[in-house]
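Encoded as structure tokens, the structure appears first; notes follow it.
The values are calculated or read from the model by the stated rules, or taken from the named source; none is laboratory data. Note that the coordinates shown come from a computational prediction; the quantities given were computed from them, not determined experimentally. With ideal geometry, Cβ positions are generated from the backbone for all residues, glycine too; neighbour counts draw on all protein chains shown. To get the accessible areas, we keep the full protein, side chains included, count just its heavy atoms, and leave off ligands, DNA and RNA. Shrake-Rupley method; radii C 1.70, N 1.55, O 1.52, S 1.80 Å.
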Amino acid sequence: MATSIRCGFFLFVFLFSFHTAIAFSYEPELGSARVVFQTNYGDIEFGFYPSVAPKTVDHIFKLVRLGCYNTNHFFRVDKGFVAQVADVMGGRTAPMNLEQKLEAEKTIVGEFSNVKHVRGILSMGRYSDPDSAGSSFSILLGNAPHLDGQYAIFGKVTKGDETLKKLEQLPTRTEGIFVMPTERITIHSSYYYDTKVDSCEREKDILRRRLSESAREIEKWRINCLP
């Protein structure tokens with residue numbers, strides 16, 4: 001009888017530990033879309049979790065497609081914690097057109113999940129209102145379990161950890177609760193591609209988009225700054 005109880009207990013502990021490990025190591029499947037931010041310290045590529053935060057993913061991807069993050073910047077770099085992208089409404093140096101403004105002004109319902117805040121994860125910024133996320137988001141530079149379930153995770157970095165390490169080495173200053181870089185970390189431009197597309201076609205598509213986005217930005221500057 002005692003032996004049976006002990007066996008049953010050890011089986012329970014094993015199953016509990018197994019399921020707990022699965023829960024803590026859960027990682028959702030990435031969609032096929034990839035986005036690349038080209039910064040003055042190198043490129044950062046990331047993918048999305050459409051099954052975890054579909055509305056957030058749609059919103060951020062649309063902002064990228066509209067070129068809203070071009071000329072924006074990272075306003076916060078807290079080593080071992082987060083590198084945070086500024087809200088595009090106030091973070092860009094280039095003017096925004098009407099379509100960009102309309103999308104950037106939207107807020108997204110808080111799509112909280114059980115995905116963990118670990119290094120490389122993308123997590124939406126927001127105010128105290130859980131449904132106030134807009135265009136600012138953080139790239140986790142370390143594990144932050146106190147953020148779990150409080151902020152919407154929508155993707156992760158797929159390439160560019162060497163760029164993140166460069167950002168972490170930059171000099172910073174403290175302003176209130178924020179640790180901020182003393183020099184501007186600019187997102188010069190952004191582009192996207194689909195990993196399911198043939199590599200040659202993908203490269204041509206990326207080049208077309210980058211050239212098109214560059215031409216649009218130059219034209220905006222010409223209209224606003226030249227006689």
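Observations on the model:
- Within segment 71-124, the set of residues being of a type outside the set (A, V, I, L, M, F, W, C), assigned to a strand (DSSP E or B) and either under 15 Å from THR186 (Cβ atoms) or free of Cβ contacts under 8 Å to residues at least 60 places away in the same chain (or both) comprises ASN72, HIS73, ARG76, GLN84, SER123.
- Hits in segment 169-188 - residues which are assigned to a strand (DSSP E or B) and free of Cβ contacts under 8 Å to residues at least 24 places away in the same chain: ARG173, THR174, GLU175
- Of the criteria (1) outside any helix (DSSP H, G or I); (2) surrounded by fewer than 17 Cβ atoms within 10 Å (Cβ to Cβ), which one GLU162 fails: (1)
- Yes/no for GLU27 being at pLDDT 95 or above, open to solvent by 10 Å² or more (accessible area, probe 1.4 Å) and not aliphatic (A, V, I, L, M): no
- Identity of the residue in segment 57-96, of a type in the set (Gly, Ala, Ser) and open to solvent by 30 Å² or more (accessible area, probe 1.4 Å), that ends up nearest to LEU140 (Cα to Cα): GLY80
- Test result for PRO171, touching a Ser or Thr at 6+ places or on another chain (Cβ under 8 Å), open to solvent by less than 80 Å² (accessible area, probe 1.4 Å), under 14 Å from GLN84 (Cα atoms) and not aliphatic (A, V, I, L, M): no
- Selection within segment 97-120 - more than 18 Å from GLY134 (Cβ to Cβ) and surrounded by 14 or more Cβ atoms within 10 Å (Cβ to Cβ): SER113, VAL115, LYS116, HIS117, VAL118, ARG119, GLY120
- Looking only at segment 56-68, residues that are closer than 20 Å to TYR127 by Cβ and either assigned to a loop (DSSP other than H, G, I, E, B) or of a type in the set (S, T, N, Q) (or both) come to 2 in all.
- When the residues of segment 125-159 are filtered to those that are assigned to a strand (DSSP E or B) and of a type in the set (S, T, N, Q), the one that is nearest to PHE112 (Cα to Cα) is SER138.
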